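What follows is one structure encoded as structure tokens, with my remarks underneath.
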Amino acid sequence: MRNKNTLPINQKTKPFICFNSTIQSLIVFVLLSLSVFFGFAQHHHNHDGLHHWEIPSKDPDRIMLTFYGDASTTRAVTWRTDVSITKAVAQIAEATVNSKFTKNAINVDAVTEPFNLGLYKGNNSLIVNYHSVVFKGLKPDKIYAYRVGDGKSHWSEWIQFRTAKVGYAPTQFVYFGDAQNDVLAHWSRVIRKAYQTAPNASFVIHAGDLINKAHRDFEWAQWYKAGGFIHSQWTAIPVVGNHEFLSLKKGEPRKLSIQWRPQFTLPVEKDLNADLHETVYTVDYQDVRIIVLNSNNKLEAQTKYIEKQLQNCTAKWKIITCHHSVFSPAKGRDFKFAREHWKPLLDKYNVDLVLNGHDHTYARGHVPIRTTSGKQTNSLGTIYVTSVSGPKQYEVDPKQLKTYAAEGYQMDITAEQTQFYQVITIEDNKLSYVAYTALGEVYDSAVISKNFKAGKKKLLKRGKK
């Protein structure tokens with residue numbers, strides 16, 4: 001293809017070529033210099049070996065919607081461009097049945113953060129820009145349309161989401177265990193099937209190990225391509241797993257994915273150590289409290305955080321998510337700290353559901369309420385789930401699961417060599433949990449019935465459909 005910065009030689013320019021050889025030599029020199037220059041510029045961008053869906057451009061990509069503050073009045077969005085976009089903007093308006101909503105769209109200037117992928121030697125040495133906006137002052141229970149771009153000619157499509165209602169109301173969300181490996185090839189069908197199953201889900205929990213090598217941008221590119229527009233439409237609650245940590249250089253300590261904070265705009269718990277910022281946070285959604293933990297480090301500090309978030313909590317449902325499984329179903333896995341230090345708090349404050357990953361198997365069990373004398377009752381305490389959505393699979397260890405009986409844990413159902421996604425629906429006084437295989441078939445389900453005044457719960461239904 002002809003370089004757009006050069007002109008074709010036509011009849012009008014032919015006489016120019018008849019000039020003496022010195023001028024012709026000068027022309028050749030200039031053309032060669034331009035060729036070298038444009039070749040250098042191409043190399044400077046360092047796109048060698050990249051797929052087209054890895055390469056940043058003026059057009060927004062990797063658009064990610066997250067919670068940041070009151071779910072009924074705020075949302076955060078983050079996206080990526082090449083470095084030529086130094087001033088970015090988002091537009092938002094209440095959606096309507098036609099395109100006239102655009103007349104009422106307001107502009108929100110973005111915060112722009114240059115980011116060097118070359119900090120990790122496994123990436124091309126490439127600088128990109130991440131942009132983020134927090135939409136504030138939204139109305140509860142309204143569908144909004146937003147788009148992101150440079151404010152001129154490089155825009156995303158218009159994308160819709162609904163703000164939360166104020167107070168208790170029906171809620172549905174999706175939960176994934178580890179995607180981790182061969183994400184584009186083998187996780188794409190899972191997240192897309194989940195979207196077919198629950199297209200109107202209010203949010204999605206990614207319970208850690210979203211990719212395999214924390215800093216490798218090729219893997220993040222796969223994760224974004226696998227989910228496509230879903231990432232920009234379902235509000236995400238991302239959880240850090242052990243594979244979100246990796247040394248940048250041999251011999252150095254493991255470090256949180258260099259992409260994590262630039263690409264996810266998440267709540268910052270200022271009372272916690274800065275290392276835990278945007279990896280430990282709480283989301284309140286329509287009287288459901290979701291506490292997100294970082295099960296990789298600084299666990300003692302998080303023990304205090306758990307109690308702080310639960311002791312005065314008035315939410316009708318309380319959910320904890322962290323990557324490592326509290327009751328590990330896979331051989332050789334043991335999150336003893338959580339059982340010794342976190343579980344007593346979950347028992348004390350009557351947490352309803354714990355959602356984990358890490359073990360690349362499936363297991364659902366529960367802990368019944370016990371009397372002060374240690375006698376088991378028919379009332380439910382907490383349901384614990386470990387799941388996996390990606391292709392990497394381990395074997396369940398039945399012997400290990402039996403050892404947890406001493407801690408009050410009762411196994412309900414397990415599975416292995418199966419990719420799952422889960423849909424949780426909350427309505428009236430019931431929480432309904434359904435685990436689907438990658439084929440969209442129901443594998444497991446459970447229903448919790450709760451007396452909100454007394455705080456007592458029953459497990460009405462459990463097991464395969």
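Within the straight-line cut-off of under 12 Å between alpha carbons, the aspartates and glutamates reachable from Lys402 are Asp412, sequence neighbours fewer than 8 places apart in one chain being disregarded. Quick check on my link table: of Lys165/Lys430; Lys249/Lys298; Lys336/Lys456, which ones sit more than 20 Å apart, alpha carbon to alpha carbon? Where the Cα-Cα span goes over 20 Å, the pairs concerned are Lys249/Lys298; Lys336/Lys456.
So, counting K/R as plus one and D/E as minus one, what does the shell of residues with Cβ under 9 Å around Asn124 add up to? Counting the neighbours of Asn124, the net charge comes to -3. Full extension of the chain between Lys136 and Asn104 yields a length gain of 10.0 nm, computed as 0.36 nm times the residue separation minus the alpha carbon distance. Extension gain for the segment His51 to Asp182, taken as residue separation times 0.36 nm less the Cα-Cα distance, is 45.6 nm to one decimal. Highest-first packing order for the peptide set 81-87, 354-360 is 354-360, 81-87, based on the mean count of other beta carbon atoms within 10 Å.
Taking a ≥ b ≥ c as the square roots of the eigenvalues of the Cα gyration tensor of the stretch 247-373, is the shape rounded (a/c under 1.5), prolate (a/b larger than b/c) or oblate? Verdict is oblate for the stretch 247-373. Please identify which residues in the stretch 103-145 have an amide N closer than 16 Å to a label point set 7 Å out from the Cα of Thr96, following the Cα→Cβ vector. In the stretch 103-145, the label zone of Thr96 (backbone N under 16 Å from the point 7 Å along Cα→Cβ) covers 103-106, 143-145. Dipole check for the stretch 376-425: with +1 at the C-beta of Lys and Arg, -1 at the C-beta of Asp and Glu, and the Cα centre as origin, the magnitude is about 20 Debye.
A simple charge model with +1 on the Cβ of Lys and Arg, -1 on the Cβ of Asp and Glu and nothing else charged puts the dipole of the stretch 359-453 at about 460 debye relative to its Cα centre. Taking the charge dipole of the chain about its Cα centre, with +1 at Lys and Arg Cβ atoms and -1 at Asp and Glu Cβ atoms, the residue from Val148, Ile92, Ala164 reaching farthest to the positive side is Ala164.
Full extension of the chain between Lys456 and Thr197 yields a length gain of 90.2 nm, computed as 0.36 nm times the residue separation minus the alpha carbon distance. Identify, among Ile369, Ala438, Val111, the residue whose Cα sits farthest towards the positive end of the charge dipole of the chain, taking +1 on the Cβ of Lys and Arg and -1 on the Cβ of Asp and Glu, with the dipole about the Cα centre. Projecting each Cα onto the dipole axis, the largest value belongs to Ile369. Note on Gln311 and Ser449: their simple-model spin labels are 3.5 nm apart, each label 7 Å out from Cα toward Cβ. Diffusion coefficient (Stokes-Einstein, Kirkwood radius over C-alpha pairs, 4 °C, 1.567 mPa s) for the stretch 172-264: 96 µm²/s, rounded to a whole number. When its C-alpha radius of gyration is set against 2.2 N^0.38 Å (N residues), the stretch 319-386 gives a value of 1.10.
Only the Cβ atoms of Lys and Arg (+1) and of Asp and Glu (-1) were treated as charged; on that basis the dipole of the chain about its Cα centre amounts to roughly 680 debye. Taking every full run of DSSP H in the chain, the ones that stretch at least 30 Å from end to end by Cα along their long axis and average -0.5 or higher on the Kyte-Doolittle scale are 21-45. Between Ile143 and Ala405, the C-beta separation translates, for a Förster distance of 56 Å, into a calculated FRET efficiency of about 0.70. The Rg/Rh ratio of the chain, with both radii computed over alpha carbons and Rh defined as the Kirkwood radius, is 1.07.
Here, each number is a calculation from the coordinates, and none is a lab measurement. The model shown is predicted, which means the values in this text are computed figures rather than measured ones. Cβ: placed from backbone, ideal geometry, glycine included. Neighbour counts: every protein chain shown.
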